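Below you'll find the structure, written out as structure tokens, and then a few comments.
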Amino acid sequence: MISKPPKSTLANLLESFFRKHLVAQRGASAATAGSYRDALRLFLMFASKQIKRHPNQLRIEELDRDMVLAFLDHLERERGNSTRTRNCRLAAIHSFFRYAASLDPAVMNLANMVLGIQGKRTTRQVLGYIRQPDLEAILAAPDRSKPQGRRYYALLLFLARTGARVSEAISVNVGDFIFDWPSQVLLRGKGAKQRIVPLAKDTASVLRDLVIERRVLSQPEAPVFVNARGQRLSRFGVIYILRRAVCKTIQSMPIVDASSISPHTLRHSLAMGLLQSGVDHTTIQSWLGHASPNTTHQYMEADLEMKRQALQKCDAPETLPAPYRPNDEVLAFLESL
């Protein structure tokens, strides 16, 4: 029997980082672990190409500050990643080196050099959202006379009416719903946080009809949103469904910035609708599961209609002010010169 070669120190560190640190100690979600995995995989593939050795032959000493900086430049110049994505990749590398230094003091100096690399400043873009008439047109795009169209419609309606993130929507199960009035759904958000979101009667009815049609109403662990093969829908599947609905909609009516509409745009649109309806800031924060109130405050900054109303209140009065008349004879004389 041929024995496997022993794992390298780097391999042991990586396995310990993911299995013991991220999952067991920090309780990171699958999405967070997946993001860190992708970042480190890209980094090791890049380093392997530069050093001309297989990833399992790399030594952690070779993953120095210069290699990390070269990788970050590669992300922006060759892969076309945004500054935000670059910073996310850097955060994953920082986390790994911080953990490696905590286990091995010999790595401390190397880790400090890597941790000294700062993220780039980003320009915060104005949040995009869809006007209500355009949103209703997109929701009406799926052909509900067919099972596929009913699945698509239920998903889009759920995203638009709950403001759920894509990861939250695709992980929702039948048992997370209460269809009887008052209807609600349990969402599992970032950082293993949970929140309950109310459902309007029409939304609850559509979702109940969907699980009844699929014959999974009595199966609490069954996924609600599935693909044509009955498997849990993926993130890319959600993007495809939305793009298909948008493309069908713009054939009959123009939509502003249709190419930039994403599943997260539906989340923004719900938040903006709540804000314009007078829902208070704290309720919106709780509804969307924002950890920081600053995130929710972005919707207030992006609401152009509220700014226009404020501008109208600040308009100059229609009556012109009376001309200045000096009330002193000396001043009057000087003004007359």
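Coordinate-derived values only; no laboratory data. All values reported here derive from a predicted model rather than from experimental measurement. With ideal geometry, Cβ positions are generated from the backbone for all residues, glycine too; neighbour counts draw on all protein chains shown.
A few remarks follow.
- Here the residues Met272, Met67, Met113, Met253, ranked from fewest to most Cβ neighbours within 10 Å of their Cβ, fall in the order Met253, Met113, Met67, Met272.
- The reciprocal of the average 1/r between distinct C-alpha atoms defines the Kirkwood hydrodynamic radius, which for segment 9-115 equals 14.1 Å.
- Each Lys or Arg adds one and each Asp or Glu subtracts one; over the other residues with Cβ under 12 Å from the Cβ of Leu110, this totals -2.
- Between Asp64 and Thr9, the C-beta separation translates, for a Förster distance of 22 Å, into a calculated FRET efficiency of about 0.90.
- Karplus (6.51, -1.76, 1.60) ³J(HN,Hα), θ = phi - 60°, over segment 173-178, in Hz, Gly and Pro reported as x: 10, 4, x, 7, 9, 10
- Least to most buried among Val206, Val224, Val279 (fewest other Cβ within 10 Å first): Val279, Val206, Val224
- By the count of other C-beta atoms within 10 Å, a proxy for reagent exposure, Thr32, Thr249, Thr282 are ordered fewest to most as Thr282, Thr32, Thr249.
- If you plug the beta carbon distance of Thr282 and Arg235 into 1/(1 + (r/R0)^6) with R0 = 35 Å, you get a FRET efficiency near 0.75.
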